[in-house]
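Engineer: Dropping the structure in here first, questions after.
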Amino acid sequence: MISEKTISRLTNYQSLLRQQQTQGTSHIFSHQLADLARVTPAQVRRDLMVIGYSGNPRTGYHVGDLQESLMQFFAFSTGIPTVLVGVGSLGRALLSYFMTGRSNIRILAAFDSDPMKTGRSISGCRVYPMTRLRETIADLTVTCGLITVPGSEAQKVVDALITGGIHGFVNFAPVRLKVPPTVFVENLDVTSSIEKAAFFARSYSLKTQEEQAHE
């Protein structure tokens, strides 16, 4: 079983390679990718050995080929079929972003409890009532869900999605979910992330001021 940390690094490499390709980069060396990912070159090489990919000592890694190898490893070559639950401000923003084809994530359906939002399409994605969640998921080939509902509703929503066959979640709700061992949850607490960024921003700012005062 590959560790969660290794998977996190591989997905990060994929994102960085996508950016490099957009900038016109055709080849990249392990030390360059390591600098971007903030790991060591040896770590990059070890991680890529997991997917059976090795570079050329003279030219490094071919960006397009490495991206393709990563997509095949993750079985993402045809996109990541996903559902979204909670079409509030955050849910709408995610739909607006992912439904434009900017990534390989494909949101096949969205769900909400507000009848004013259901029965129509938002950013090209059909929004269904929560009462149709299980039957709709059963008709779709999806194993991943995005949770953007209030914290008070998150556990109930996840329980229903698990019953429908979902095994992986990205949870934007500010609560920790209880799931069986066969289900993976990636918690993304935006408030905590901003608080963390603000703390370090203040710390670095004070450090810079102190260094300037001693010059």
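Engineer: Considering each residue of segment 168-215, count those that are over 19 Å from Gly91 (Cα atoms) and part of a strand (DSSP E or B), and give that number.
Structural biologist: Summing the residues that are over 19 Å from Gly91 (Cα atoms) and part of a strand (DSSP E or B) in segment 168-215 gives 1.
Engineer: Quick one: in segment 184-200, of everything that is hydrophobic (A, V, I, L, M, F, W, C) and farther than 24 Å from Asp159 by Cβ, which residue is nearest to the chain's Cα centre (by Cα)?
Structural biologist: Ile194
Engineer: Within segment 1-25, restricting attention to residues that are surrounded by 13 or more Cβ atoms within 10 Å (Cβ to Cβ) and either more than 16 Å from the chain's Cα centre (by Cα) or aliphatic (A, V, I, L, M) (or both), which residue is farthest from Leu66 (Cα to Cα)?
Structural biologist: Out of the qualifying residues, it is Ile7.
Engineer: Where in segment 63-139 are the strands (runs of 3 or more DSSP E), entirely inside, with at least 2 residues that are of a type in the set (Val, Ile, Thr)?
Structural biologist: 80-85, 105-112
Engineer: Of the residues that sit in segment 99-117 and are of a type outside the set (A, V, I, L, M) and modelled with pLDDT of 90 or more, which one is surrounded by the fewest Cβ atoms within 10 Å (Cβ to Cβ)?
Structural biologist: Per the stated criteria, the residue is Pro115.
Engineer: Condition first: under 25 Å from Thr11 (Cα atoms) and without any contact (Cβ under 8 Å) to a residue 12 or more places away in the chain. Now tell me which residues in segment 101-129 satisfy that.
Structural biologist: Of everything in segment 101-129, those that are under 25 Å from Thr11 (Cα atoms) and without any contact (Cβ under 8 Å) to a residue 12 or more places away in the chain turn out to be Gly101, Arg102, Ser103.
Engineer: In segment 29-61, how many residues are loosely packed, with under 11 Cβ neighbours inside 10 Å and of a type in the set (A, V, I, L, M, F, W, C)?
Structural biologist: Summing the residues that are loosely packed, with under 11 Cβ neighbours inside 10 Å and of a type in the set (A, V, I, L, M, F, W, C) in segment 29-61 gives 1.
Engineer: Output the residue which, of all residues in segment 62-75 that are surrounded by fewer than 17 Cβ atoms within 10 Å (Cβ to Cβ) and farther than 20 Å from Ser26 by Cα, is modelled with the lowest pLDDT.
Structural biologist: So, considering only residues that are surrounded by fewer than 17 Cβ atoms within 10 Å (Cβ to Cβ) and farther than 20 Å from Ser26 by Cα, the one modelled with the lowest pLDDT is Ala75.
The values are calculated or read from the model by the stated rules, or taken from the named source; none is laboratory data. What you see is a predicted model; the values in this text were computed from it and never measured. All Cβ positions, even for glycine, are placed from backbone atoms using ideal geometry, and neighbour counts span all protein chains on display.
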